[in-house]
Amino acid sequence: MQSNPLLGRIAWNTLIALLYLFLLAPIIVVFIISFDTRQYLAFPPESFSFGSYVKVFQNVKFISAFWRSLVIGAVVGLVAVSAGMLLSLSLVRYQFRGKAAVNFLILAPFLVPHIVLAVGIMLVIAPLGLLDSYPGIVLAHLGITIPYTVRTITMSLMAVDTRVEEAALVHGASPRMVFWRITLPLVRPGLIAGGVIAFLISFDEATISLFIVSVKASTLPTEIYHYLEYSTDPQIAALSVVLILISVGVVMAVEKLIGLRKAL
Amino acid sequence: MSAATLPAAGTSPANASRGILLMLLLPGLIALAITFLLPLIWLLRASFASSTMGAFSGGNWTVQSYSAVLFDPFYWRIAWNTLVLGFNVAIFAVILSYPIALFLARTESRFRGVLTALAVAPLLTSSVVRTYGWMVILGDRGVINSTLQSLSLTGGVIRLTNNSFGATVALIEILMPYAILAMLSGFGRLNTQLEEAAAMLGANRLRVFTRIILPLSAPGVLTAALLVFVLAISSFVTPRLMGGGRVFVLGTEVFNEATVTLNWPLAAALSVMLLILFSSIILLYQRALRALET
């Protein structure tokens with residue numbers, strides 16, 4: 001270890017580069033194979049074309065699942081942010097009996113495996129006739145997203161100077177007005193970040209969705225999962241690239257809007 | 001708003017009416033009750049119900065599902081497979097993530113932000129998609145097999161998928177970003193000044209690593225290992241797709257019982273057992289962390 005420091009540095013940097021390569025390998029490979037045209041999975045691609053992309057955009061199943069996921073994600077994001085905002089307000093601004101219990105209830109979903117929750121949610125919504133329905137899948141996603149929105153919004157809320165609100169109150173603003181005109185704009189970064197996180201979780205979630213939905217309310221991840229069970233052609237690769245680009249786009253938009261540091 | 005309900009200067013409106021508080025709490029609590037609390041209670045209840053197709057009948061309580069699991073060697077093997085998968089994935093994910101986390105914690109490169117983002121970027125990609133990526137890499141006509149064949153290093157195809165090897169490799173990569181994040185936030189106590197001081201006092205680099213860096217980073221490493229382990233033992237999408245139906249772990253079996261066999265009480269009993277395994281590991285981890293910090 002006491003040997004040439006330059007050599008050690010090169011070895012260290014090479015190791016880091018190799019580990020990065022391993023970490024990013026599936027994404028790189030998916031990108032390369034998405035330009036292949038063969039109907040089966042093989043590497044390297046024979047020819048380069050956008051054929052798989054064209055096929056994906058013509059695949060009715062994928063397109064409708066995509067819009068479904070988008071709508072479900074948006075509704076989940078909105079509801080999770082609203083419920084999260086109210087919960088955060090009560091936790092940051094009020095002292096009350098049972099606060100520790102509420103805090104635990106919000107933290108607890110982090111501690112339970114998704115597959116266990118999935119079975120439980122399936123059992124609860126099946127008798128209500130909500131299996132394979134929009135309300136069913138939205139409900140299922142709320143439990144795992146609200147903890148995230150509460151966390152991000154609480155952090156934003158704690159950074160708000162309450163004296164600003166008090167000043168507005170003293171000057172005659174009603175509590176309602178203070179909420180809409182002062183508090184809400186001040187925590188907007190937390191709201192946006194929480195909404196985006198909830199949307200992305202819902203949009204990507206496969207485990208719980210696979211238990212809840214089959215045909216009518218199937219989401220994009222469940223559609224991809226079922227496709228992969230029987231076929232592994234480059235269409236999935238093209239679809240994956242599109243999804244990766246969307247994720248990157250969303251994150252970059254958040255970065256531009258409010259800055260990732262503030263969001264996380 | 002009357003003056004009487006105005007909060008005193010400098011204090012938060014702690015004595016505001018109960019009604020407002022209730023209004024704030026209720027929507028979120030109802031949502032969490034329906035989507036978290038109730039499912040867990042229902043799960044426990046269903047695990048004690050008698051097996052009937054597609055549903056469970058109320059009223060009767062039986063330990064039928066649990067005894068079916070406990071007296072069948074098949075399920076013992078599944079539990080063992082799950083633990084082995086969890087340990088393998090946790091150990092390798094931590095070993096492979098440690099250098100990256102250490103590098104990110106100490107680098108002064110101006111690309112630090114980009115490199116951190118790159119290390120966590122896979123999280124933005126659905127695990128279904130990344131599992132597909134590993135199918136492309138490890139498949140019979142995938143990257144590794146076609147490379148080996150074009151170099152004439154192997155005669156036939158080496159089976160890297162449809163077995164637990166493929167599932168393990170894919171899970172290691174899929175869970176590495178979590179390990180890196182956990183370690184990065186746990187490496188706060190690492191301090192280059194301590195390392196410099198040790199070096200100045202004559203410690204060689206190996207000694208600096210084993211006596212300073214490793215002990216200081218141990219809590220972060222432990223957290224990362226726990227996180228990866230619990231995520232691995234409860235995974236089912238990756239073991240199912242990479243295992244091609246030949247890898248049996250608790251996750252795949254729960255999914256199978258719930259959606260194919262439609263034996264919901266059995267699926268519930270297996271879930272409860274997974275949950276017990278999960279909680280015991282977390283409790284063990286807390287013990288270990290306390291021992292490390294004292």
Item to check | Positions within segment A:19-34 being in contact (Cβ under 8 Å) with a residue 40 or more places away in the chain and either open to solvent by less than 40 Å² (accessible area, probe 1.4 Å) or not in a helix (DSSP H, G or I) (or both), in sequence order | outcome: A:Ile27, A:Val30, A:Ile33, A:Ser34
Item to check | Subset of segment B:25-43 (residues that are under 23 Å from B:Val63 (Cβ atoms) and at the interface with chain A (Cβ under 7 Å from one of its Cβ atoms)) | outcome: B:Leu38, B:Pro39, B:Leu40, B:Trp42, B:Leu43
Next on the checklist: Restricting to segment B:191-222, give me the number of residues that are over 15 Å from B:Arg106 (Cβ atoms) and assigned to a helix (DSSP H, G or I).
Outcome noted: 11
Checklist entry - Which one of these is within 26 Å of B:Ala267 (Cα to Cα), more than 7 Å from chain B (Cβ to nearest Cβ) and modelled with pLDDT under 95: A:Leu123, A:Leu107? => result A:Leu107
Next on the checklist: Restricting to segment A:160-192, and then to whatever is surrounded by 16 or more Cβ atoms within 10 Å (Cβ to Cβ) and among the hydroxyl-bearing types (Ser, Thr, Tyr), can you tell me which residue is nearest to A:Ala126 (Cα to Cα)?
Outcome noted: A:Thr183
Checklist entry - Hey, among the residues in segment A:69-82 that are open to solvent by 10 Å² or more (accessible area, probe 1.4 Å) and facing another protein chain (nearest Cβ under 9 Å), which one's nearest to B:Leu21 (Cα to Cα)? => result A:Ser82
Checklist entry - Restricting to segment B:59-73, what's the tally of residues that are open to solvent by 20 Å² or more (accessible area, probe 1.4 Å) and touching a residue at least 40 places away in the same chain (Cβ under 8 Å)? => result 3
Checklist outcome for this item: Being open to solvent by 60 Å² or more (accessible area, probe 1.4 Å) and within 19 Å of B:Leu40 (Cβ to Cβ) narrows A:Leu128, A:Leu139 down to just A:Leu128
Next on the checklist: I'd like to know if segment B:105-118 contains one or more residues that are of a type in the set (Val, Ile, Thr), surrounded by 14 or more Cβ atoms within 10 Å (Cβ to Cβ) and more than 10 Å from chain A (Cβ to nearest Cβ).
Outcome noted: yes
Checklist entry - Which one is most open to solvent (accessible area, probe 1.4 Å) among residues in segment B:128-164 that are more than 7 Å from chain A (Cβ to nearest Cβ) and within 18 Å of the chain's Cα centre (by Cα)? => result B:Ser164
Item to check | Selected residue (criterion: surrounded by the fewest Cβ atoms within 10 Å (Cβ to Cβ)) from residues of segment A:193-221 that are more than 10 Å from chain B (Cβ to nearest Cβ), assigned to a loop (DSSP other than H, G, I, E, B) and at pLDDT below 90 | outcome: A:Val215
Next on the checklist: Of everything in segment A:227-241, what is modelled with pLDDT of 90 or more and more than 10 Å from chain B (Cβ to nearest Cβ)? Give them in sequence order.
Outcome noted: A:Ala238
Checklist entry - Does segment B:165-196 hold any residues that are over 14 Å from the mean Cα position of the chain (by Cα) and of a type in the set (Val, Ile, Thr), and which are they? => result B:Val169, B:Thr192
Checklist entry - Somewhere in segment B:248-271, is a residue away from chain A (no Cβ under 12 Å) and charged (D, E, K, R)? => result no
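Inside segment A:35-54, can you point out the residues that are more than 9 Å from every other protein chain (Cβ to nearest Cβ) and crowded, with 17+ Cβ neighbours inside 10 Å?
Matches in segment A:35-54: A:Phe35, A:Asp36, A:Pro45, A:Gly51, A:Ser52, A:Tyr53.
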Checklist entry - Taking the condition open to solvent by less than 20 Å² (accessible area, probe 1.4 Å) and at the interface with another protein chain (Cβ under 10 Å from one of its Cβ atoms), does B:Pro177 pass? => result yes
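The values are calculated or read from the model by the stated rules, or taken from the named source; none is laboratory data. Predicted model only: the values in this text are computed from it and were never measured. Reconstructed Cβ throughout: ideal geometry from the backbone, glycine too, with neighbour counts over all protein chains shown. We work out accessible area using only protein heavy atoms, side chains counted, and drop any ligands, DNA or RNA first. Shrake-Rupley method; radii C 1.70, N 1.55, O 1.52, S 1.80 Å.
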